[in-house]
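Notes for the one structure printed next.
The values are calculated or read from the model by the stated rules, or taken from the named source; none is laboratory data. These numbers were taken from a predicted model, which means no experiment stands behind them. Cβ coordinates were reconstructed from backbone atoms using ideal geometry, including for glycine residues, and neighbour counts include every protein chain displayed. We work out accessible area using only protein heavy atoms, side chains counted, and drop any ligands, DNA or RNA first. Shrake-Rupley method; radii C 1.70, N 1.55, O 1.52, S 1.80 Å.
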Amino acid sequence: PFVTNYEPKNISLIGQTWSVMQDNDGIMYFGTINGIIEYDGVRWDRVLFDSIPPLTVRSLTRDNNGTIYYGGTSDFGYLTKDSLGRTKGVSLLKFVPGEYRNFFDIWSSYATPEGVYFQSREYIFFVNNQHRVKVWKPKSKFTYSFYIDGNYFVHQQGLGLYKLVSDSFAFIPGSEFLGKERMQVMLPYTPTGTTGTGVGNKQYFIGMF
């Protein structure tokens, strides 16, 4: 296949890249240490924001309607178009109660049919389709979260893996050993010839750092 490599030294807008997402029109978006960079196959542009832009964008996700959401430094929100057709970022921070706005990076973001999860070390935020916000605090510290098979999981530092059940996070028995490491990968996994005997009769592949 034909391959084109783009290097930061040749594109001044690009720095360290943390996340990548494509919209319904094929436009590419990159979450970087310089905010969100947009590429249409010809031109590179920086996405503008309706307020102070996040310094770094760690995570991007897209819902079933094609809306792209971002999670960045002390901020999260979504992308839309202005009156001139330019892409801009709209913060959702104004919907978060004031006492929960003191957080650093949003490390993972997941769009679901009911709303979007944004996970920082300090809090997990769930913003529903009416922009109502639910907030969870960790017992220790959230590291990374995962949305698989319609279920939301999060790893807590020093403790193990938790699953969101009936609006609360339930500890998964036997996951204590995960608390000793930083869990960063969780993928569906079904060994050949088996039906799965893991969480909820499912099996998952887990990677730790």
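Tabulated results
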item	result
Accessible heavy-atom area order of 143, 17, highest first, probe of 1.4 Å	17, 143
Counting DSSP beta bridges with both ends in the chain, the antiparallel % (nearest 5)	95 percent
Which of 165, 47 is most accessible, then next, and so on - probe 1.4 Å	165, 47
(i) 18.2, 55; (ii) 27.6, 106; (iii) 22.4, 71, with the label sought being that of the calculated Rg and Dmax of the Cα atoms in Å	(i)
Surface accessible to a 1.4 Å probe, per residue, for the residues of the stretch 1-71, Å²	62 Å²
Within the accessible area of the stretch 2-63 (1.4 Å probe), percent carbon and sulfur	51 percent
Selected from 77, 31, 15 as most flexible by GNM, with the chain as the system and alpha-carbon contacts under 10 Å	15
In Å², nearest 10: area of residue 110 left accessible to a 1.4 Å probe	60 Å²
Distance in nm between pseudo-label sites at residue 202 and residue 95 (7 Å out along the Cβ direction from Cα)	2.4 nm
Accessible surface of residue 60 - all protein chains present, 1.4 Å probe, nearest 10 Å²	20 Å²
Which listed pairs, of 137/163; 88/137; 137/202, have C-alpha distances above 18 Å, in listed order	88/137; 137/202
